[in-house]
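Asker: Provided herewith is a single structure, encoded as structure tokens, for subsequent inquiry.
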Amino acid sequence: MSGQEHFDALIAVDARVEPRDWMPDGYRKTLVRQISQHAHSEIIGMQPEANWITRAPSLKRKAILMAKVQDEAGHGLYLYSAAETLGTPRDQMTADLIAGKARYSSIFNYPTLTWADMGAIGWLVDGAAICNQVPLCRASYGPYGRAMVRICKEESFHQRQGFEILLELANGTPAQREMAQDAINRWYAPSLMMFGPPDEDSPNSRQSMAWNIKRFSNDELRSRFVGMIVEQVKVLGLTLPDADIRFNEETGRWEHGPLDWDEFSEVLAGRGPCNSQRLARRREAHEDGAWVREAAAAYAARQAGRSSA
Ligand code: FAQ
């Protein structure tokens, strides 16, 4: 059996492809693209929330937020490791990110203006991430699917903590309630755009679905997410800034109002509200961490010398 035949047979029975299996170049490239973009999103995604660690309203909130941001670093690392099994070194992926050549999720180019944004990020951004990522636990590439299982468990906790922040604010003073509503108003549309462009403008979906990497289209997942939050917002006693949300009985899908896809393109082109700030911070952190990488490499070399002596 040729490599291609073996690969096709694995995909046909929905089995897992492992690092040592032969795979088409396009499959490898698609995975490195998606997994590295996902890893970069986790790492850049630490910044909007880290912005509030020193301003969290209590010690408990601060401890929770620090743990969440640390989880995101961990997710980035599992994902870089999964991408490395495809032959692209992490140094290369990091170099592409800090050179501004790699993509990361559009959502992390928006500013976090108030404490309520920590609630809205947890509820909406982690919520959208879970909706998109649970099906990725079944992605055909083994190391990616397995990394997603643990990541999704942690994201579920993140979403609940965000919802709980909003619930407390929604039941607080009128000013706190207003702050929660304002955060939802600002994060709603960008969180829907996390699912990617509409299906007709999504060049990668068809092939990714044929390879069992993506299981649902961008619009299918976006619609599921809308159905989820439209119920949850009622528990908060707040509203979504979209009068067009409705369930379409014929298609069995939730529909939402128009999204500003020009804004999405601008953000992807590097011209979103915080793109340059996020990349500058990432570059600075990389430079500041040079001594740690050098020390770790020197220590590893010394250990290797000892064990071979
Ligand atoms: N932002 O043909 P498609 C998180 C690009 S969650 C930026 O539809 P595809 C957790 C796309 O890359 C966020 N770029 O592409 C967290 C492609 O460009 P390319 C990360 C986007 O891959 C929570 C082009 O547009 N999650 O970090 C976006 O089939 C809170 C055409 O699009 C993942 O990455 C976007 N929103 O579908 C952390 C999940 N959408 O590469 C901290 C895994 C599309 O051809 C705090 N990824 N593009 O130049 C995926 O599921 C997919 O890659 C999609 C895009 C669904 C994002």
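Asker: Would you mind stating whether Ser81 is farther than 18 Å from Ala116 by Cβ, more than 12 Å from the ligand (Cβ to nearest atom) and among the polar types (S, T, N, Q)?
Answerer: It is true that Ser81 is farther than 18 Å from Ala116 by Cβ, more than 12 Å from the ligand (Cβ to nearest atom) and among the polar types (S, T, N, Q).
Asker: Give me the pairs: first residue in segment 159-180 and within 21 Å of Phe225 (Cα to Cα), second residue in a loop (DSSP other than H, G, I, E, B) and of a type in the set (A, V, I, L, M, F, W, C), beta-carbon distance under 7 Å, and six or more apart or on different chains, which are they?
Answerer: Ala180/Leu238
Asker: Look at segment 167-191 and say how many of its residues are more than 25 Å from the chain's Cα centre (by Cα) and charged (D, E, K, R).
Answerer: 3
Asker: Checking the conditions here, which among Arg103, Arg33 is among the basic types (Lys, Arg) and under 13 Å from the mean Cα position of the chain (by Cα)?
Answerer: Values: Arg33 fails: under 13 Å from the mean Cα position of the chain (by Cα).
The match here is Arg103.
Asker: Can you say whether Asp182 is buried (at least 24 other Cβ atoms within 10 Å of the Cβ), charged (D, E, K, R), out of contact with any strand residue (DSSP E or B) (no Cβ under 9 Å at 6 or more places or on another chain) and closer than 21 Å to Leu240 by Cβ, as far as the supplied structure shows?
Answerer: In short, no.
Asker: Can I ask one more? Look at Gln159 and say whether it is surrounded by fewer than 17 Cβ atoms within 10 Å (Cβ to Cβ), within 11 Å of the ligand (Cβ to nearest atom) and assigned to a helix (DSSP H, G or I).
Answerer: No, not satisfied.
Here is a yes/no grid of residues against (1) within 9 Å of the ligand (Cβ to nearest atom); (2) hydrophobic (A, V, I, L, M, F, W, C):
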{"position": "Leu136", "(1), (2)": "yes, yes"}
{"position": "Pro143", "(1), (2)": "no, no"}
{"position": "Val149", "(1), (2)": "no, yes"}
{"position": "Glu164", "(1), (2)": "no, no"}
{"position": "Met179", "(1), (2)": "no, yes"}
{"position": "Arg186", "(1), (2)": "no, no"}
{"position": "Phe195", "(1), (2)": "yes, yes"}
{"position": "Asp201", "(1), (2)": "yes, no"}
{"position": "Ile213", "(1), (2)": "yes, yes"}
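Asker: Mind listing just one residue for me: the one in segment 1-51 that is closer than 13 Å to Leu86 by Cβ and either in contact with a Cys (Cβ under 6 Å, 6 or more places away or on another chain) or of a type in the set (A, V, I, L, M, F, W, C) (or both) and, of those, surrounded by the most Cβ atoms within 10 Å (Cβ to Cβ)?
Answerer: Ile35
Asker: Return the residues of segment 235-289 that are over 26 Å from Arg177 (Cα atoms) and β-branched (Val, Ile, Thr); say none if nothing qualifies.
Answerer: Thr251, Val267
Asker: Restricting the search to segment 90-119, which residues are surrounded by fewer than 21 Cβ atoms within 10 Å (Cβ to Cβ) and among the acidic types (Asp, Glu)?
Answerer: Residues satisfying the conditions are Asp91, Asp96.
Asker: What single numbered condition from (1) buried (at least 18 other Cβ atoms within 10 Å of the Cβ); (2) touching a Phe, Trp or Tyr at 6+ places or on another chain (Cβ under 6 Å) fails to hold for Gly272?
Answerer: (2)
Asker: Here are some residues: Gly305, Gly252, Gly270, Gly289. Which one is within 30 Å of Pro198 (Cα to Cα) and either among the basic types (Lys, Arg) or out of contact with any helix residue (DSSP H, G or I) (no Cβ under 8 Å at 6 or more places or on another chain) (or both)? Explain how you work it out, then say what you get.
Answerer: Values: Gly305 fails: within 30 Å of Pro198 (Cα to Cα); Gly270 fails: either among the basic types (Lys, Arg) or out of contact with any helix residue (DSSP H, G or I) (no Cβ under 8 Å at 6 or more places or on another chain) (or both); Gly289 fails: within 30 Å of Pro198 (Cα to Cα).
Sole residue among the options that is within 30 Å of Pro198 (Cα to Cα) and either among the basic types (Lys, Arg) or out of contact with any helix residue (DSSP H, G or I) (no Cβ under 8 Å at 6 or more places or on another chain) (or both): Gly252.
Asker: Being within 16 Å of the ligand (Cβ to nearest atom), within 20 Å of Trp115 (Cα to Cα) and charged (D, E, K, R) is the requirement here; does Lys68 meet it?
Answerer: yes
Asker: Would you check which residues across segment 134-154 are within 27 Å of Leu238 (Cα to Cα) and in contact with an Asp or Glu (Cβ under 7 Å, 6 or more places away or on another chain) and list them? Explain how you work it out, then say what you get.
Answerer: So the first thing to find is which residues in segment 134-154 are within 27 Å of Leu238 (Cα to Cα), and the list is 134, 152-154.
Answer for segment 134-154, where residues must be within 27 Å of Leu238 (Cα to Cα) and in contact with an Asp or Glu (Cβ under 7 Å, 6 or more places away or on another chain): just Glu154.
Asker: Restricting the search to segment 215-240, which residues are within 16 Å of the ligand (Cβ to nearest atom) and out of contact with any helix residue (DSSP H, G or I) (no Cβ under 9 Å at 6 or more places or on another chain)?
Answerer: Selection gives Ser223 alone.
Here, each number is a calculation from the coordinates, and none is a lab measurement. Model, not experiment: these values are computed from the prediction. In this analysis, Cβ positions are derived from the backbone assuming ideal geometry, glycine residues included, and neighbour counts consider all displayed protein chains.
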